[in-house]
């Protein structure tokens, strides 16, 4: 016997679904992201509690034990993870979701004789396994446990095609006879397909594939909802699948690339290939004091943050530098590229953490026309998102990607650790232009020295 009747169960599921929708709306802006995240978490809690009080369960001690263990692992990890490692965490969580959906499908196979339910189970098994294995590879690439460059070998496209055809064939057989052994074969084929899907992806394309796999997980969860007859799982999975697809398309558009090119571009040399060796071409370098003079006597400064700023945890120093310049009557804005860092919104969250006003965070579309009025563009740890090769070099892997028009500024100052190329693995010709000055070193240390010199002016 359960504590809730079906009507109240449906109403609580509806309330949880509304929380999920409002959470997505809140996550669309840095200003409301915290509230959106809390709404989503509350919706998930409400859904779990509703299941406990509306479904007659066996093995409750095992279920509660699994929740305790999962919480004990997840809470410290989520609290301690650095912003630079957030994409890896997203990949891990996403993979776990896909794997869980696949296991649900596998366990439910023996409890149904309905062919249509088996279709949903086959879909859940295959897509969930692809998401789990693919997410594991993206995590390994971003964490540099393996090379970030595309991994290719002779016959890879043929092998991928053969695996997918075999998966479809096995899936059809499972639908008709419900064989558990063949379901395990299908699961294994899905895992292999996930690995083969992500191996050829390299460099800056990896975060986009994480978003695509997130959409896969959502679809697998929605299908598992059909298997279990749980409407809320269908709604939540569909929301994740749709939002992941939209985000994937938006990220691809921000890089001027097609999703098919991202997944299969390495076969024809079109995938971003990851970092290469540092250049030994001569550049014009400067000291922190000289950079401070450039900034301190400017009228307009635009700061372009990138992944190097996140790695160095220099966001608070950058915010303090902006305040010091504003105290001198200088207008300062932060130019945010949609794919700066490793994920959309990465820089927005990083700078919001440092209490940079939202009004100072200017998106690429609105700030680009203002670079020509800037006395100094200060690029902190960014490279690919300001690289003119995206506009001028047809053979470049980032060709066609919209960039921040940093080259339009009167003076350009790059804060770089070394001459190593950006994540796409190509040189930035802007580094060698006469209006460009480089200040080498850790981004936070360099910003601290510049800040001290500005205050001393």
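The values are calculated or read from the model by the stated rules, or taken from the named source; none is laboratory data. A quick note: this is a predicted structure, and the numbers were derived from the prediction, not measured. Glycine also receives a Cβ, built like all others from the backbone with ideal geometry; neighbour counts cover every protein chain displayed.
Quick notes on this one:
- For residue 56: the one exception among (1) farther than 30 Å from residue 136 by Cβ; (2) without any contact (Cβ under 8 Å) to a residue 60 or more places away in the chain; (3) in contact with a helix residue (DSSP H, G or I) (Cβ under 9 Å, 6 or more places away or on another chain); (4) assigned to a loop (DSSP other than H, G, I, E, B): (3)
- Residues that are part of a helix (DSSP H, G or I), out of contact with any helix residue (DSSP H, G or I) (no Cβ under 8 Å at 6 or more places or on another chain) and modelled with pLDDT of 90 or more do occur in segment 104-127.
- Selection within segment 403-427 - at pLDDT 85 or above and either under 16 Å from residue 305 (Cα atoms) or crowded, with 23+ Cβ neighbours inside 10 Å (or both): 403, 404, 405, 406, 407, 409, 412, 413, 414, 415, 416
- Applying the condition of being outside any helix (DSSP H, G or I) and in contact (Cβ under 8 Å) with a residue 40 or more places away in the chain to segment 1-26 and asking which residue is nearest to residue 363 (Cα to Cα) yields 4.
Residues are listed down the side, and each one gets a yes or a no for (1) buried (at least 24 other Cβ atoms within 10 Å of the Cβ); (2) touching a helix residue (DSSP H, G or I) at 6+ places or on another chain (Cβ under 7 Å):
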{"position": "328", "(1), (2)": "no, yes"}
{"position": "340", "(1), (2)": "yes, yes"}
{"position": "345", "(1), (2)": "no, no"}
{"position": "348", "(1), (2)": "no, no"}
{"position": "371", "(1), (2)": "no, yes"}
{"position": "377", "(1), (2)": "yes, yes"}
{"position": "381", "(1), (2)": "yes, yes"}
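- Residue match in segment 268-288 (condition: at pLDDT below 80 and part of a helix (DSSP H, G or I)): yes
- Residues satisfying the stated conditions in segment 128-149, i.e. over 21 Å from residue 214 (Cβ atoms) and touching a residue at least 60 places away in the same chain (Cβ under 8 Å): 147, 149
- When 213, 165, 156, 182 are checked against the criterion of being more than 19 Å from the chain's Cα centre (by Cα) and touching a residue at least 24 places away in the same chain (Cβ under 8 Å), 156 stands alone in meeting it.
- Of residues in segment 130-152 being assigned to a loop (DSSP other than H, G, I, E, B) and crowded, with 18+ Cβ neighbours inside 10 Å, the one nearest to the chain's Cα centre (by Cα): 148
- Elements of type helices (runs of 4 or more DSSP H) in segment 153-253, at least 3 residues being modelled with pLDDT under 90, on the phi < 0 side of the Ramachandran plot and buried (at least 21 other Cβ atoms within 10 Å of the Cβ): 206-228
- Screening segment 361-457 for helices (runs of 4 or more DSSP H) wholly inside it with 1 or more residues that are in the same structural domain as residue 327 (by TED's automatic domain parsing) and within 21 Å of residue 208 (Cα to Cα) returns the ranges 364-367, 389-392.
- Of the residues in segment 337-358, not one is part of a strand (DSSP E or B) and assigned by TED's automatic domain parsing to the domain that holds residue 298.
- Restricting segment 27-41 to residues that are without any contact (Cβ under 8 Å) to a residue 24 or more places away in the chain and crowded, with 16+ Cβ neighbours inside 10 Å, the residue that is farthest from residue 66 (Cα to Cα): 27
- Among the residues making up segment 309-321, a single one is surrounded by fewer than 24 Cβ atoms within 10 Å (Cβ to Cβ) and either touching a strand residue (DSSP E or B) at 6+ places or on another chain (Cβ under 7 Å) or not in a helix (DSSP H, G or I) (or both): 313.
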